[in-house]
Each structure stands twice: as C-alpha cells, then as structure tokens.
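Following: one structure in structure tokens, then a few remarks.
The values are calculated or read from the model by the stated rules, or taken from the named source; none is laboratory data. Nothing here was measured: the structure is a model prediction, and the numbers come from that model. Note: ideal-geometry Cβ built from the backbone for every residue, glycine included; neighbour counts use all protein chains shown.
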Amino acid sequence: MSDRRTLAGNHFFALSILLVCMTSTVSAGAQRMVIDEHVNPRWIDEDQLEFSRTENGEATRLRIDRETGMISRLNGETQGVRRAPGRRVTGSTTRGGEVPIIFKNGTTQTISLMWVDSNGTEIPYGELGAGKRRRMGTYDGHAWRILGENGGTLTAFIAEPGRPSAVIDERSMAEWKASRVWQEKDDLDESSRTKPRASVTTRDGDLWIERPAAEPVRLTEDARPGSRWRQNVVFSPDGRHFLAWKVDAPQRHPVHLLEIMPEDRVEPVLETIQYLKPGDRIAHPHPAVFEVETGRRIDLDAELAPNPWSINRISWHPTESKVRMLYNQRGHQVLRLLEIDAVSGESRVLIDETSDTFIDYAGKDFLHVMRDGDRAIWMTERSGWNHLEMVDLRSGERTPLTSGEWVVRAVDEVDEAAGTLRIRALGLDADQDPYHVHHAMIDLDTGALTRLTEGDGTHELEFAPDGRHYIDRWSRVDLPPVHELRRTRDGSLVAVLAEADHGPLLDSGWREPIRFKAKGRDGITDIWGVIITPRDFDPEERYPVVEHIYAGPHDHFVPKKFNRNSRMRDVAALGMVVVQIDGMGTNWRSKAFHDVAWKNLGDSGFPDRIAWMKAAADTRPWMDLDHVGIYGGSAGGQSAMRALLAHGDFYDAAVADCGCHDNRMDK
C-alpha cells in the first residue's frame, strides 16, 4: 500500500487551499448526468397530473389519472395554460432550474409578496399596489404566499415552467380557498370582525384613548425616560378590551466599527452601533389589559414573567375576555403560556414548560390554540423526545398526541375540521438513518399515526391543489430521487412516476458518498456521518482524512438527500478523504443527546467524532488516521480551533474560518 500523505510536512499550507476550493463548482455537463432527477410535475385539472419521464432515451411528457393510476403520453396535446392556479402551499421544494413568475395584482388593495422557504417560514419580498405587476426570478417548485392589507392570506402559488402568470384576483383566491384546509387565522370573514371601539395613541410615552364622539383621554401616567408605552395594541374580538405594553429600554452598548476604505473619501470612517452582548440588560416588556369604556387597567402578574427574553404570540379567546401570550424567560429554562382575564383581573399560567438545561425555543416551538379557545397543541421535550400534546387550557391536563423514541421535526398543517394534523418526523424507522425526514398524519382525538412516506430516504411532499394527493420525492446521499404519487387519506401508492438514474454521473468518475454509523462515546448511541472519497480513489492507497465540522446545537448538518455538488468534494479532489459527522450536542435526536451541548460548546461532539473515525478506519485501511485535518466556518471555525487545543493528539492541522472563539463577546 502506498502513501498519499498530502498533509505531511506542511499541514497548514495544504489545508489553507481548502478555503480557495470552497467556491469551485462542478462542470455544466454534470447537470445533465442524472436522468429523471426532476419530473417537472404540473396539475392540469382536478384529476390529471402532467409530468416528465425518460422513455427509450427520450424525455417524454406524460399524464396520469390520479384515481386510476393510468399513465398516457400527451401526444402533442396542450401542456397546460400559462396561468398558475391558486393552491395550498406549505413550503418551497427544489424541482429544477430558474423560472420567472409575474405577479399581477388584480385586487383593489396593496398586497405583500411572501416567499415561503422549505421550512414554511415567510420571507417578505415587498409590496405590490393595486393594478400593478412585478416580475420575479424564482425557481421551479418555490412557493409564494400573497397577504392582504390585514395580514391574512389571499392566495398562494407554486412557480413552475410554462405558467409564469400569477394573478391575484377572485379566481385565484377562489382556487386557493377550494384547495387548502382552512386555518383559523384565515377563516375569519372580514364582515364578522368587530371593529375597535376606540383608537389608541401615545403622547410622550403614555397611552391616550380616543372614543367615538369624544375627546382623547389620557390612560397612563407612568411613562418615564427609558420606559415608555407602545402604540401597537391588540384589541379583543368584541372590541371591549385591548392589550398594550410598556417597555423598559435595553441598556446601551456601543460597538465601534472602522471602515478602512469608504467609497466617498480617503480617510477611514468610524461608525458606532448599539450591539448588546451576553449579560447586558435587554428590553423588558410589561403587558397590561385596558377596558375601552372605563380605562380600567389590569397588569400581568409580574411574578409569572419576572425576566422575559420575549413575550409574544398574542391571542384573545374567541368568545371570552381573556388574552394569552407566550413568555420565554431569559436563560431559556422556562416557557409559559400566560393568560390575563380582563373580567376577573387575574393572571394565570396555562402551560408551564421548564428544563434543568435549556428549552429549544428556536427549533422546537409549536403552539396552536384551537378555534374553541380552550385547547392548544403544544410541542414539548419533557418525555425526553420532541413530541406534541393536546393541552386543556381550562384544567391544564396534557394529553400526548405523539410519543416514542423518535422526534417531531415540524408541524406542517393543522386541519381542525378533519381532526388531523400533518407532521414531519425523524427516527420513525429503527432500520433507517434517524435523520431521514418522513411525513405522517396524526388524529387529534386518538393520536393515531398514518404514515405518508415509506421509502428508505429523506422525503419532500408536494400536494395537489385540493390536497387529496401528493407527490413524494425521496432520496439519500447515495440514492438519486424516486418520485411517487400517493393518496393523502392513507398514504397509499398510486404509481411510481419515475426513478432517477445516476449511471452517467457515476461513469464520469463521480463517487457516491459512503454512509456510515458507529457507536459514540457511551458505546450505545449511534453516531451518523458520511465519507467522501476522491474521484481517482484507489483502495490500495492511503489518504489523509479531513473533517468538515459544524457542531452548532441548533440543527444537524450531515447531508441526507441526493446532491451532486458538495464543497466537500472540492476538498477531496486535493487527494484527501473528507468526512462529516453529527456528534452529540447537535440537534434532532433525543433530549439527552442534545443536552451534551449545554454550557459545553467546547465539547463539539469530539469524543463521538474521534470514535466514529476510528471505527470507520478499522474496516477502511485507506483512511490514514496518522494524518487528520479539520476545517469549518463560524461555529465550525470555533470547533476547528478547539480540535487542536483539546484533541491535538488526534488532529494535526486545522483551518478555522471566521471562528467565534470567545462566546463572551458574541453568541
């Protein structure tokens, strides 16, 4: 066996090349080397789906009847109209290349254009006035939601080839209403909304109220410098009460920046910004309810919210004078749903979530108050795994909706009328990678789970306009996409639309990632990762090993779906084996797995990573663990440097790009 010890002799020179390689890309030819990677689906009408598939070496446009599963060629038929239909969207998917979308506002109001990312988060892309149009560059499969002036959804679209025109008018709004399951916030008829019985303003930091046919009246007299009332109040459904906030301002913490080469002058420019650091005093909101008619004030009991990081998610009971709010305590060990009763004047805790370590408020936060106002769906890790409960807000009783040694990754939809919710789940199958995304329906009454996905891979769903069927696109890092048409009611298969073939890509020298798992530091827990080998890989040679690290506790980072392009391949091209691993302390396994990171970011999962590499090398003698490097950026840069400081007996060299090495300064 010969040696290819690229790191030997000049570790840092070889590793520094990695940063240059980060921007390289594969050739354009590789873009055409996976047959049927995308099928470009398009719903033609209620029952017909049009899609592409390679047959006899030729790209063929086909149509499938979703009820019978019968597939037929288009034979020159029209391939759909140019106007995109309004439809339900839950998030963007990536189906193909760039496509245009032309928004046309056919309403009489100003609308907001919201791109919906793959996690369902709305990203604003500006407003569009009545009668105006705007052309946007987007991608096939990307979702867009259109909001009206009141913040409610008017309609939504999915960008696709051949249908660039997204018209916001009565037709698309009707299509959207017919296609989606109504959510409470969108199911309110504007005519049924009670208009506020007064208007509220601020003067010199205090609240003033102006009732119909009356002079403004001062409501508060406790404003002072650094503690002022905010004008953005939230009225109760009957207009008799409103919630307001007095906010104590955060401390000032100036940070000075020096612009060395400003565009308009020769001399450097000093800029000072306010930037809070760990331990600084942050803004402190003080919520209070006011009665419109009398001006009576009811403050939230301060003992229930003594040290807020945030107070948000405001909602009023639909028929009672009770307002709810979500309190996240600084330090993130207490999360509470609180209530102020505007009639009795009492404050109480509806849901009380605590942790001896931390509550993952950024990644595992879901609260859905049911339309009756007396129940809520709540996300919690108190069982040791991330799951959902139905909480009786009157009695406090908490009933599990999901359970087991797997986690709810996200809630995509709540259908109160049907009594179901749709979730993404990780770890449902003991014989699969626990990070594979699966989808399921949950019965809100019984908690019964109906699987929507089966294949051994990570899954993305795209629903028909009426939601009764969906396309399941699933893949793994070592398996190109499989496209299936399935029924929403029970997840059953209608037909396999296409199975991608990456033979031409393999023939070009591209090598599949190697999936590998090994026991972690405890000898019990499976640790998962991937191995990337060079294009000219020779198992008779030995290769230095380089780890690509990012160990932030907010997510997991090893790729799971099929992807031809990877920056790790650029590093492997230098003659190295590249690995990426999710060690303990990263997210989306058990609570105990995640808790390893608590007050312990320096751990970075290194005991698991080192054990994993040693286990991999035991059966892969071409992995040279006498020569190990590591690189990462941001938190990964922090970990890369930590590898040398704490585990210099294993790691020989590191590149730390933009590392946040002192968390007292930031994070």
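In table form, for the structure just shown:
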item: Contacts under 6 angstrom Cβ, first residue in the range 127-152 being within 20 Å of R87 (Cβ to Cβ), partner among the acidic types (D, E), 6 or more apart; result: Y139/E98; D140/E160; G152/D186
item: Residue identified as in a strand (DSSP E or B) and closer than 20 Å to R171 by Cα among M136, M114; result: M114
item: Members of the range 612-642 found to be of a type in the set (G, A, S), buried (at least 21 other Cβ atoms within 10 Å of the Cβ) and in a helix (DSSP H, G or I), listed by number; result: A616, A635, G636, G637, S639, A640
item: Residue identified as among the polar types (S, T, N, Q), touching a Gly at 6+ places or on another chain (Cβ under 9 Å), in the same structural domain as R348 (by TED's automatic domain parsing) and assigned to a loop (DSSP other than H, G, I, E, B) among T294, T220; result: T220
item: So F103, is it closer than 26 Å to T153 by Cβ, at pLDDT 90 or above and surrounded by 14 or more Cβ atoms within 10 Å (Cβ to Cβ); result: yes
item: Criterion: touching a Phe, Trp or Tyr at 6+ places or on another chain (Cβ under 8 Å) and under 19 Å from R394 (Cα atoms) - qualifying residue of R324, R330, R296; result: R324
item: Residue match in the range 568-580 (condition: surrounded by fewer than 16 Cβ atoms within 10 Å (Cβ to Cβ) and either free of Cβ contacts under 8 Å to residues at least 40 places away in the same chain or not β-branched (V, I, T) (or both)); result: yes
item: Number of the exception - I311 against (1) surrounded by 16 or more Cβ atoms within 10 Å (Cβ to Cβ); (2) under 30 Å from P212 (Cα atoms); result: (2)
item: Meets criteria (under 30 Å from D299 (Cβ atoms) and surrounded by fewer than 17 Cβ atoms within 10 Å (Cβ to Cβ)) for G345; result: yes
item: Candidates L15, L49, L62 - the one that is over 16 Å from G97 (Cα atoms) and either modelled with pLDDT under 75 or part of a loop (DSSP other than H, G, I, E, B) (or both); result: L15
item: Sole exception among (1) part of a loop (DSSP other than H, G, I, E, B); (2) free of Cβ contacts under 8 Å to residues at least 60 places away in the same chain; (3) in the same structural domain as W598 (by TED's automatic domain parsing); (4) not small (G, A, S) for L645, by number; result: (1)
item: Checklist (1) crowded, with 21+ Cβ neighbours inside 10 Å; (2) not in a loop (DSSP other than H, G, I, E, B) applied to T450, failing item; result: (1)
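Residues checked against (1) in contact with a Leu (Cβ under 6 Å, 6 or more places away or on another chain); (2) aromatic (F, W, Y); (3) without any contact (Cβ under 8 Å) to a residue 12 or more places away in the chain; (4) loosely packed, with under 12 Cβ neighbours inside 10 Å:
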{"position": "T202", "(1), (2), (3), (4)": "no, no, no, no"}
{"position": "I209", "(1), (2), (3), (4)": "yes, no, no, no"}
{"position": "P212", "(1), (2), (3), (4)": "no, no, no, yes"}
{"position": "P216", "(1), (2), (3), (4)": "no, no, no, no"}
{"position": "E221", "(1), (2), (3), (4)": "no, no, no, yes"}
{"position": "P237", "(1), (2), (3), (4)": "no, no, no, no"}
{"position": "H241", "(1), (2), (3), (4)": "no, no, no, no"}
